[in-house]
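Here's the structure we're looking at; comments come further down.
The values are calculated or read from the model by the stated rules, or taken from the named source; none is laboratory data. It should be emphasised that the depicted structure is a prediction, and the values quoted were computed from it without experimental measurement. As a convention, Cβ positions derive from the backbone with ideal geometry for all residues, glycine included, and neighbour counts pool all protein chains shown.
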Amino acid sequence: MTDQQPALRLEGIVKTFPGVRALDNVSFAVMPGEVHALMGENGAGKSTSMKVLGGIYQPDEGTIYVGEKPTVMHSPLDAKAKGIVFIHQELSLAEELSVAENIYLGELPKKRFGLVDWDTLYARTDKILEKLKVSFNAKTRVGDLSIANQQMVEIARALTVDAKAVFFDEPTASLTDAEKVVLFEVIADLQKQGVGIVYISHRMEEIFKITDRISVLRDGQYRGTLNTRETNEEEVTQLMIGRKLDLSRSALTHEVGDVALEVRGLSCGDLYRDVDFEVRRGEVLGFYGLVGAGRTEIAETLFGLRDPSAGKILMDGQEVRIHSPADAIARGISLVPEDRKGQGLVLGMNCRDNMTLPQVDDLKAGPFVAEGAEVSIFDQYRDKLDIRTPGWKQTVGNLSGGNQQKIVIGKWLSMHPSVLIVDEPTRGIDVGSKSEIHNLLRELASQGYAVIVISSEMPEVLHVADRIVAMFNGRVMRTFTSEEVTEDNLIQAISGLSGDGQAA
Amino acid sequence: MQPGTLSTFLKRGAIWGFIVLELIFFSIAGEFMSLSDNAFMDLDNMLLLLKQSAPIGIIAMGMTIVMINGNIDLSVGAIYAISAIILLDSMTWPIFGALGDGAIPIAWLLALAVGTALGALNGLIVWKTGVDAFIVTLGAMLGYRGLVFMYNGEQPTSHLNWTLVDFAEAQFLGLHTATWFLLLVTAAIWFLMNKTVHGRNAYAIGDNREAAVNAGIRVGPHMMINFMIIGFLAALSAVVFYSESGSVNPNDGELYELWVITAVVLGGTKLTGGAGSIISTFGGVLAIQLLRKGLSHIGADTETVNLVIGLILIAVLFLDRQLNIKGKEELKV
C-alpha cells in the first residue's frame, strides 16, 4: 500500500436497532486502487454497513470520510453522487428496457419539452460499454441478456458517476467460471483506474485470488484487517467465527449397505446425456461440476420435476417411473432444493406446518389435520437436528438460513425416505452453521440413508462425500472414490480435461 | 409481551376496532342527523343489518379461500344471477308443477348444482390451461352474464312461493334465516381452512406454490375444489335472498364481485395469497354493511355511500401497509 489518502473510510460507526447493536464501533478504510474484502457471517454487520454507507440508514455515532472530507449520506442517490456505488447481489434492472435506458434510469438526458435525447444517451452508453469490453450494445433489451451480462449493466450504471468506491455484494453467486473471469478483469480494470473496490463474498477461493486486504466483522464489531498475501483461510475463518473450523476430509467410519438407487443411461434432451451412477445406503455421493453441468437437472429428474428422454431409474433393483414429486416422495426419494426460500419452504407458515407439509394428508384424523401428531413430529426433529427456534409457532421466514435448512431436512427425514438429495446444502448459510450441516449429512449416511449431495464448492464435496461424480457439460466424466480424488484431478475432470477414467 | 405481539394484535383486531368506531360514530351522529326516531344501535336495526350482510357475506367466505389459494373469482355476481333464475324458474316448470311445495328442495338443489358446476368449470380451466384466474373468471363473468340475458332477455324472472317466503322471513332465536346461513357458512369455512388438510394445503399453495409442489401437493385439484366452493356459495347466497324476494332482474348481482373483494381485503386477506382469516372477513363484511346502513341512517344518498367506502378502503390498506413496514428493513420506494 502507498501512503495516500483512503478513498473511503469509516470511523467508529455505531448503529443500533431496538434491542440490537447492529454495528458496534466499526472502522475500516478502502485505499484507491485496492480490492478490499469485507467478510463476516450472516448477521455480522456487512449489510448494515453497506446500508449506512449507501444512505439508507443514518449511523448513530461515527463518521464516514470520502477522501479527507467527513460526509453524511442523505439518501442512496446522494451516496451515488458522492461516488459510493453498490453492485447488489440481486439485480435491479427493468428487463423490458434497453441497456442504455437502464444505465441512465432516472437520469435520462433530456432535450427541450422533456423529450429524451436519444443520441446523447446512446453515445454516452457506448462509451461506458467500450470500457467494459462487452459483447452487447446500448440498444439491446436487458431481458435478452444473460445474468452475467445483466450484471455488467449494473456495473456500467456504477460507472456513470466518478466512482470513488464500488461495493460488490456476492457478485459471483450466479456466474459461471468463464463469466467470473470476465468479472475479475473488469474489477482489475477499475482497480487500475484508482477506484477502491469492496468485495463481499463467502467464497474463500475468490477472496484469496483477487483481494489485497481482508477486513472481518463479527457480531457487529470490527475484528481486524489482514493482508491477503500474509494470511490463510484458516486464520480468516477463525476471525470470522471466533473458533477453529474442522474442514478435514472425513473418513468412512461405517459399513456401506446395498444399492438404494441406480441410474442407467439417463438422458434429458441437451441438459445431460448417458448418466450412470448408483448410491448405496450409508454413503454420501457427491456431485461436483460447474454451473450448467447438469447436476441440478438430474436431481429434478429423480424428484419427478423433469421427465427423462431416455434411460432408466432403478430403486432396490426395480425399475421405477417418476412423473411428479408426489411419485418421488411415495418411492422414498426426497429433495432439499437449491433455492431454499423459493422452492423449499412456505415462508409465511410456521415451523411445524412446514415440517409436516408433505405428510399432513397421511396424518389426518377423519377429515381434520392431526395437530397433536404434527407437534410431536416437530418436537422430535427439532431435538434431533438441533433446530433453534422459540417454538413451533415461529414463522419460518424469521429463522436463520441454517435453521431454515434444517427444517427442510427435517421435513424429509420425518417421512423416512431411502434417498435424500441435497442440492447446494450450504448456499447462503454462514460459516459456523455450515459445518453443522456437513456433520448432519455425514451422520445421516451413518444412520443408513443414501445421501446425494450436489455442490459447487469443492471443499464441501471433498469434506462430506465418500465418492464424487464429476460432471462436465451434461456428462459424467469420472466417479472418484475418496482415496483417488485430489483437488487437481477433480478440477481437470469438471473442466473436461480429464483423459483418464471412464469419460463417456 | 414479545416483540411483534402489539402489531400482530393491531393487524388482527383492526377490523373489529374499526367496527366499534363505526358503531360509536353512527350512534352519536344519528342523534343529531337522523330523521328516524330509533337509535342506530336499536336491536331490530342490528338484526336487520346481519340479515342484509348475508348475500355478500356468504360469497365473501368463498372469496377468502379462493384468494388465500392465490386466485380470484370475478364471476360470482353472474353465477349469483344464474342460480337465482334457475331457482325461481324451475319451480314453474311443468314437470315439477304437480309436486306443489315439494318443488322447493328440488329448485334449491338445482340452483346449487348449477352454481357449483359453473365454479367447477372456472376451476377446471384455471387448472388445465394455467391461465391466470383473473383472466379466466373475467371471461366467465362476461360469459355467464350473457347466459343470464339469453335466458329471459331484459325481462325479470319472477315466481313467488309463499311457503318459501315464510321460510326466508322466519326468525329462530331472534336471528333471521339468512343470518343463520351466513353464520353456518362462516363456521363451516373456518373449520375447512383451519382444521382440514385441504385448508392447510390451500394456504401453502397460495404462499409458495413451488414449495407446495415440491412437497408433493397436487395444486390443481385444490384450486378446483375452492372454485367449486365459491360457485356453490354464490348459488347459496342467491337461494337465500331470492327465496324471499321472488323476482330476479338480469342485472342483479352486478358489481357483487367487487363488494365481496372489498370485504375480503378489508378483513386483511392478501391479494397475493397465502394469508387471510375467515373471522376477519366476517368483520370486513359487517364493517361494509354498517357503513352503508349508517350513512343512510344519517341521510346520505347512495352515491355518497360508495364514495366514502372507496375512500375508506384505500385509507385502511394504506394504514395496513404502514403497520407492516414498521420494523422491517424495507427500502423506501
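Of all residue pairs spaced 6 or more apart or on separate chains, none has beta-carbon atoms under 6 Å together with a first member in region B:117-129 that is of a type in the set (A, V, I, L, M) and a second member that is not in a helix (DSSP H, G or I).
If you go through region A:355-373 and keep only what is at the interface with chain B (Cβ under 7 Å from one of its Cβ atoms) and either outside any helix (DSSP H, G or I) or among the polar types (S, T, N, Q) (or both), you end up with A:360, A:361, A:364, A:367, A:368, A:369.
Scanning region A:72-89 for residues that are closer than 10 Å to residue A:154 by Cβ and not β-branched (Val, Ile, Thr) yields A:86, A:88. Identify the residue in region B:164-218 that is of a type in the set (A, V, I, L, M, F, W, C), outside any helix (DSSP H, G or I) and buried (at least 17 other Cβ atoms within 10 Å of the Cβ) and, among all such residues, is nearest to the chain's Cα centre (by Cα). If we take residues in region B:164-218 being of a type in the set (A, V, I, L, M, F, W, C), outside any helix (DSSP H, G or I) and buried (at least 17 other Cβ atoms within 10 Å of the Cβ), then B:217 is nearest to the chain's Cα centre (by Cα). Close Cβ contacts (under 9 Å, 6 or more residues apart or on different chains) running from residues in region A:331-354 that are within 18 Å of residue A:377 (Cα to Cα) and facing chain B (nearest Cβ under 7 Å) to residues that are surrounded by fewer than 23 Cβ atoms within 10 Å (Cβ to Cβ) and of a type in the set (Phe, Trp, Tyr) comprise A:353/A:392. In region A:453-471, how many are touching a helix residue (DSSP H, G or I) at 6+ places or on another chain (Cβ under 7 Å) and of a type in the set (A, V, I, L, M, F, W, C)? So the answer is 7.
For residues that are among the β-branched types (Val, Ile, Thr) and over 23 Å from residue A:428 (Cβ atoms), scanning just region A:375-392, find the one that is surrounded by the fewest Cβ atoms within 10 Å (Cβ to Cβ). The qualifying residue surrounded by the fewest Cβ atoms within 10 Å (Cβ to Cβ) is A:375.
Working carefully through the options B:293, B:270, find the one that is out of contact with any His (no Cβ under 8 Å at 6 or more places or on another chain), surrounded by fewer than 22 Cβ atoms within 10 Å (Cβ to Cβ), under 25 Å from residue B:28 (Cα atoms) and at pLDDT below 90.
Numbers: B:270 fails: under 25 Å from residue B:28 (Cα atoms).
None of the other options fit; the residue is B:293.
Scanning region A:174-213 for residues that are assigned to a loop (DSSP other than H, G, I, E, B) and touching a His at 6+ places or on another chain (Cβ under 9 Å) returns A:211, A:212. Highlighted here are the strands (runs of 3 or more DSSP E) found entirely within region A:14-82 that include at least 3 residues which are more than 24 Å from residue A:209 (Cα to Cα), at pLDDT 85 or above and in contact with a Lys or Arg (Cβ under 8 Å, 6 or more places away or on another chain): A:61-66.
When B:202, B:215, B:234 are checked against the criterion of being more than 7 Å from chain A (Cβ to nearest Cβ) and at pLDDT below 95, a single residue qualifies: B:202. So, of the residues in region A:314-330 that are under 15 Å from residue A:260 (Cα atoms) and out of contact with any helix residue (DSSP H, G or I) (no Cβ under 9 Å at 6 or more places or on another chain), which turns out to be nearest to the other protein chains (Cβ to nearest Cβ)? Looking at residues that are under 15 Å from residue A:260 (Cα atoms) and out of contact with any helix residue (DSSP H, G or I) (no Cβ under 9 Å at 6 or more places or on another chain), I get A:330. Scanning region B:82-140 for residues being among the hydroxyl-bearing types (Ser, Thr, Tyr), at pLDDT below 90 and surrounded by fewer than 16 Cβ atoms within 10 Å (Cβ to Cβ) gives a total of 1.
Against the definition (in a helix (DSSP H, G or I), within 30 Å of residue A:345 (Cβ to Cβ) and out of contact with any strand residue (DSSP E or B) (no Cβ under 9 Å at 6 or more places or on another chain)), how does residue B:258 come out, yes or no? In short, no. Considering (1) at pLDDT 90 or above; (2) away from chain B (no Cβ under 12 Å); (3) outside any strand (DSSP E or B); (4) surrounded by 23 or more Cβ atoms within 10 Å (Cβ to Cβ), the lone condition that residue A:287 does not fulfil carries the number (3). Checked against (1) in contact with a Pro (Cβ under 9 Å, 6 or more places away or on another chain); (2) free of Cβ contacts under 8 Å to residues at least 12 places away in the same chain, residue A:183 passes all but condition (2).
Being within 20 Å of residue B:261 (Cα to Cα), in contact with a strand residue (DSSP E or B) (Cβ under 9 Å, 6 or more places away or on another chain) and in a helix (DSSP H, G or I) is the requirement here; does residue B:50 meet it? Taking the combined requirement at face value, the residue satisfies it. Pairing each residue of region A:199-220 that is without any contact (Cβ under 8 Å) to a residue 40 or more places away in the chain with any residue that is crowded, with 18+ Cβ neighbours inside 10 Å, provided the two are 6+ apart or on different chains, yields no C-beta distance under 6 Å.
Residues considered: A:426, A:395. Of these, the only one that is of a type in the set (S, T, N, Q) and surrounded by fewer than 18 Cβ atoms within 10 Å (Cβ to Cβ) is A:395.
Among residues of region B:202-221 that are without any contact (Cβ under 8 Å) to a residue 24 or more places away in the chain and over 20 Å from residue B:125 (Cα atoms), those with a Cβ under 9 angstrom from a residue that is among the β-branched types (Val, Ile, Thr) and assigned to a helix (DSSP H, G or I), sequence gap 6+ or separate chain, pair up as B:212/B:205; B:212/B:219; B:215/A:329; B:216/A:329. State whether the residues of region A:45-67 include one that is farther than 24 Å from residue A:151 by Cβ and among the charged types (D, E, K, R). Among the residues of region A:45-67, at least one is farther than 24 Å from residue A:151 by Cβ and among the charged types (D, E, K, R), which makes the answer yes.
The criterion of being over 26 Å from residue A:217 (Cβ atoms), in contact with a strand residue (DSSP E or B) (Cβ under 9 Å, 6 or more places away or on another chain) and among the hydroxyl-bearing types (Ser, Thr, Tyr) holds for residue A:418.
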